[in-house]
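Every number here is computed from the coordinates shown, using simple stated rules; none is lab data. The shown structure was predicted, so the numbers you read here are calculated from the model rather than taken from an experiment. Every residue, glycine among them, receives a Cβ derived from its backbone with ideal geometry; neighbour counts consider all protein chains shown.
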Amino acid sequence: MTDKHKSKIQDIYENACVMTKTLLKKKVDSIIGIAQEEKEWKVVVEVVERDAIPDTQDILAKFEIRFDLSGELLGYRRLELRHRSDLEAMQQEEA
């Protein structure tokens, strides 16, 4: 991976965080993935849709945000909703 490619990934990461805060009015909980596919970048972010007590009952949303190769926003869509604890349950079953 070249330094130029690493720099572009960092730019896309930062764009995704800004767009999540600006468009969705949410703070990024985590970045699930960043990939360049054909003529666009796809970033999958996870945000807290609803805080809960205990936090294992938080509702998390996963969004796909798309950028063109120069970093301009193309669009976004919600992929799924889940309780934070859903992932823990899946990991326990696999163990």
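Express in nm, to one decimal, how much length is gained between Ile59 and Ile9 on full extension, taking 0.36 nm for each residue of separation and deducting their alpha carbon distance.
Values: separation 50, 0.36 × 50 = 18.00 nm, distance 2.78 nm.
Full extension of this stretch gives 15.2 nm more.
What list do you get for Lys8, Lys39 if you sort them by fewest beta carbons within 10 Å? Intermediate values should be presented prior to the final figure.
Numbers: Lys8 17, Lys39 8.
Least to most surrounded, the residues fall as Lys39, Lys8.
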Review point. Residues with beta-carbon under 11 Å from that of Ala52, excluding Ala52: net charge, scoring Lys, Arg +1 and Asp, Glu -1?
Key: -2
Exercise for review: Arrange the following residues from fewest to most other Cβ atoms within 10 Å of their Cβ: Val28, Val43, Val48.
Suggested key: Val48, Val28, Val43
**Study point:** Distance in nm between pseudo-label sites at Lys39 and Arg77 (7 Å out along the Cβ direction from Cα)
**Key:** 1.9 nm
Exercise for review: Order by neighbour count: Glu14, Glu46, Glu38, fewest other Cβ atoms within 10 Å first, most last.
Suggested key: Glu38, Glu14, Glu46
